[in-house]
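The values are calculated or read from the model by the stated rules, or taken from the named source; none is laboratory data. Since the model is a prediction, treat every value here as computed from it, not as a measurement. No Cβ is skipped: glycine too gets one built from the backbone with ideal geometry, and neighbour counts run over all protein chains shown. Protein only, heavy atoms only, side chains kept; ligands, DNA and RNA dropped before computing areas. Shrake-Rupley method; radii C 1.70, N 1.55, O 1.52, S 1.80 Å.
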Amino acid sequence: MPAAKEVALTVGKFAGGLAANVIPDTCVLEGTLRGFDVELMAHLKTRIAEVVNGVATTYRTPATIETLSDVPPLVLDSDMTQASLGYVGAVLPKTAFLPLFHAMASEDFALISSKIPSAYFTVGAAVTDTDEHFAQHHPKARFNDAELPLGAAAYTAVALGYIADHR
């Protein structure tokens with residue numbers, strides 16, 4: 001796998017046993033696998049199964065792999081992204097746009113983007129108190145609700161602009 005191919009494997013849950021001094025009968029690991037390439041993701045799912053089964057065989061114990069959710073990578077359409085930037089910029093001319101980026105995010109939107117040309121944006125909505133800045137998945141994350149109208153206006157601009165351009 002080339003180093004330039006970005007993936008993220010997160011094991012966010014590791015549960016086993018109920019007592020500190022007893023080896024548990026079972027252990028459950030749960031996580032997520034995210035990336036940008038459909039073929040690479042399929043390859044990694046196969047490799048994860050091979051590694052899990054290899055470790056289990058080494059220790060003469062059974063292992064079961066269960067896929068709880070399987071969605072495609074979030075792949076965005078560059079033409080739709082450029083058009084959307086234009087629609088939003090025309091309606092909100094004072095809006096600052098950061099350079100284009102991609103993110104391993106939004107499993108629900110990945111389902112949509114696998115079917116139709118899509119663009120994905122984030123709206124800067126940090127709270128003004130820098131002591132309260134936490135990442136979006138942090139339990140203490142807070143957002144500035146005053147930015148919500150700008151987000152709604154941006155969504156509306158894209159919808160109306162797209163409709164006008166595709167009649």
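Got a sec? Charge dipole of the chain, +1 on Cβ for Lys and Arg, -1 for Asp and Glu; which of F109, S69, F121 is way out at the positive end?
Among F109, S69, F121, the one farthest towards the positive end of the dipole of the chain is S69.
Which of (i) 14.6, 40; (ii) 21.3, 69; (iii) 15.6, 42 is the computed Rg and Dmax of the Cα atoms in Å for the structure on display?
(ii)
Against the longest principal axis of the chain, how steep is helix 148-165, in degrees 0 to 90 to the nearest 10, with axes from Cα atoms?
Its long axis makes an angle of about 70 degrees.
Summing -39500 (n - 2.57) over the DSSP H runs of n ≥ 4 in the chain and dividing by its residue number, what mean residue ellipticity at 222 nm do you reach, to the nearest 500 deg cm²/dmol?
Numbers: 4 runs with 60 residues, N = 167.
That calculation yields -12000 deg cm²/dmol at 222 nm.
Give me a comma-separated list of calculated 3J(HN,Hα) values for the stretch 81-87, in order, Karplus coefficients 6.51, -1.76, 1.60 applied at θ = phi - 60°, integers in Hz, x for any Gly or Pro.
Once rounded to whole Hz, the list reads 4, 5, 4, 5, 4, x, 4.
Rolling a 1.4 angstrom probe over the protein heavy atoms, how many square angstrom per residue are accessible across the stretch 83-167? Show your work: numbers first, answer last.
On the way: 6410 Å² over 85 residues.
Value returned for the stretch 83-167: 75 Å² of accessible area per residue.
Given the pairs K13/K140; K94/K115; K13/K45, which span a C-alpha to C-alpha distance of over 28 angstrom in this model? Display every interim value, and only then the final one.
Values: K13/K140 20 Å; K94/K115 32 Å; K13/K45 18 Å.
Result: K94/K115 exceed 28 Å.
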